[in-house]
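In what follows, a structure is listed as structure tokens, so that the remarks can point back to it.
The values are calculated or read from the model by the stated rules, or taken from the named source; none is laboratory data. What you see is a predicted model, and the numbers here were worked out from it, not measured in a lab. We place every Cβ from the backbone using ideal geometry, glycine too, and count neighbours over all the protein chains shown.
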Amino acid sequence: MKTPFHLALPCEDIDITKDFYVFTLGAKSGRSSDNWIDINLFGHQITFTKVGDFEFNYKNYRFGEHILPSFHFGVIVDTETWGKTYSRLLSKNLEVTTEATFLEHKIGEHLSFFITDPNGYKIELKSFKNINEIFET
């Protein structure tokens, strides 16, 4: 990994958020207090801060045949990690949405799926057929 990203997001409940990321997605928890927690999501730092009620209006966009959430974040992982994570989530009977191959037979071909965390955030996991094509045009 060249440079990990940091993202700070509000959440309603630290414990429920931690349980989702650690026990559902398989991430690691980091430093924390009663009002915030750091999550290590595939080497990237997400800080969740307890803020109480908040609301996002999700707008969507069309990508090929799929309707995708405009507001989301995610990680790019290798195909093996993608498959294991996808299988683990399905085995927990969680709603995984928009599992698809995007840009098939084109530059940037990748597998992708979305899952929603307890705060309503859409998380995308991607796996590129050719990792060198992440930023290719």
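Structural remarks
- Answer residue from region 29-49, given it is out of contact with any strand residue (DSSP E or B) (no Cβ under 6 Å at 6 or more places or on another chain) and part of a loop (DSSP other than H, G, I, E, B) and is surrounded by the most Cβ atoms within 10 Å (Cβ to Cβ) among those: G43
- Among residues of region 59-82 that are in contact (Cβ under 8 Å) with a residue 60 or more places away in the chain and assigned by TED's automatic domain parsing to the domain that holds F128, those with a Cβ under 8 angstrom from a residue that is of a type in the set (F, W, Y) and surrounded by 11 or more Cβ atoms within 10 Å (Cβ to Cβ), sequence gap 6+ or separate chain, pair up as F73/Y121.
- Residue-level check: of (1) over 30 Å from N130 (Cβ atoms); (2) among the aromatic types (F, W, Y); (3) in a strand (DSSP E or B), F20 misses just (3).
- Only one entry in G52, G26 is assigned to a loop (DSSP other than H, G, I, E, B), out of contact with any Pro (no Cβ under 8 Å at 6 or more places or on another chain) and surrounded by 13 or more Cβ atoms within 10 Å (Cβ to Cβ), namely G26.
- Within region 70-127, strands (runs of 3 or more DSSP E) holding 1 or more residues that are surrounded by fewer than 16 Cβ atoms within 10 Å (Cβ to Cβ): 73-76, 96-102
- Any chance E133 is farther than 18 Å from Y21 by Cβ and free of Cβ contacts under 8 Å to residues at least 60 places away in the same chain: yes
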